[in-house]
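Every number here is computed from the coordinates shown, using simple stated rules; none is lab data. Note that the structure is predicted; figures quoted are calculated from it, not measured. So basically every Cβ, Gly included, is an ideal-geometry build from the backbone, and we count neighbours across all protein chains shown.
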Amino acid sequence: MNNSVISIDLAKNSFQICALNSHHKVIFNKKVTRKKLISELQQLSPAPIIMEACYSANPWGRKLQELGFDVKLIPPYQVKPFLVGNKNDHNDAVAIAEASLRPKARFVPVKTLEQQDVQSLQRIRERLVKSRIALINQLRGLLSEYGIVVEKLPQKLKTKIPLILEDDSLSLTTIARQFSKRQSNCRYFKAIGQYKISN
C-alpha cells in the first residue's frame, strides 16, 4: 500500500519514522539510527516527508531535498493536539503525521544556509542587546549608589563614563572607578555593531 505521508521525529542519535496511508492508518513506525535514516526512507514508497520545525530539521530537510525527497516542516504547536498517550518518539512520530494530514495544516519552508545565517545573526544580536541593556542598568545602578546619575542611552553613557572617571571631585573610590571602567569597556558595548544584517 502506498504511503500518504511519512513523518520523522528527530533526535540526537536515533530517529522515529512513521508512515500513514490515505485512511490515516499507521502502516510503518520504526526507530532507526542516524546512519540508516536515508537508506530506510529510500525503501519506502514515495510520499511527502514531514518533520517538526526544530533546531535540526533544516539541515536534514536540505539533505533530503538534495536527494529528491519532498520535505515539509510543521510548527510544533500544530502537532501537540494530536499527541495520543505518553510523549515518546513512537507517539510523537504519529502525531506529526496526523497533524500534517489535516486540511488546515500550515507548513514552514526548509531554510537555506543563507537564511539560517541571517537567523543566527539576529539571535546573537538580540542576546547582545539584552546583555548590554542589563550591563547599562547595572552600571547606572552602581554609580547611583555613589550619587552619580547617568543617562540610559548607550552612546551618551559611553561618552559620559570617561569624564566621570577623570573627575576627581566626584565621591568615587578607586575600586568604584575600576569596576566602572571595566564595565564600560565590556565587549557588549562594542560587539553589537559587528553583527549587521544585510537585506
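With a cut-off of 20 Å on the backbone N, the residues of the stretch 49-89 near the modelled label site 7 Å out from Lys35 along Cα-Cβ are 60, 64. With a Förster radius of 30 Å applied to the C-beta separation of Leu44 and Asn88, the computed FRET efficiency comes to 0.90. Pairs spanning more than 26 Å between alpha-carbon atoms, out of Lys36/Lys111; Lys25/Lys63; Lys30/Lys80; Lys104/Lys130; Lys87/Lys130: Lys25/Lys63; Lys104/Lys130; Lys87/Lys130.
The slack in the chain from Arg140 to His23, taken as 0.36 nm per residue of separation less the alpha-carbon distance, amounts to 35.7 nm. Counting every alpha-carbon pair across the chain, the share separated by more than 26 Å comes to 53%.
Quick one: order Arg34, Arg62 by neighbouring beta-carbon count within 10 Å, fewest to most. Could the numbers behind the result be given before it?
Numbers: Arg34 13, Arg62 16.
The fewest-first ordering by Cβ neighbours comes to Arg34, Arg62.
Taking a ≥ b ≥ c as the square roots of the eigenvalues of the Cα gyration tensor, an a/c ratio of 1.5 or more together with a/b larger than b/c marks the stretch 24-132 as prolate. Mind checking which of Val118, Asn137, Pro162 is farthest towards the positive end of the stretch 113-194's charge dipole, using Cβ charges of +1 (Lys, Arg) and -1 (Asp, Glu) about the Cα centre? Checked the options; the winner is Val118.
Charged side chains reduced to their Cβ positions (Lys and Arg at +1, Asp and Glu at -1) give the stretch 15-64 a dipole of some 200 debye around its Cα centre.
Spacing of the modelled spin labels on Leu170 and Gln115, each 7 Å from Cα toward Cβ, amounts to 4.9 nm.
Give me Cys18, Cys54 sorted ascending by neighbouring Cβ count inside 10 Å, so fewest comes first. Could the numbers behind the result be given before it?
Details: Cys18 26, Cys54 14.
In increasing order of surrounding Cβ atoms, one gets Cys54, Cys18.
Kirkwood radius for the stretch 113-194, taken over all pairs of different Cα atoms as the inverse mean of 1/r, rounds to 13.9 Å. Extension gain, Tyr55 to Lys156, is 32.5 nm, computed as 0.36 nm per intervening residue step minus the present C-alpha separation. Computed from the C-beta positions of Gln122 and Ser14, the FRET efficiency with R₀ = 45 Å rounds to 0.90.
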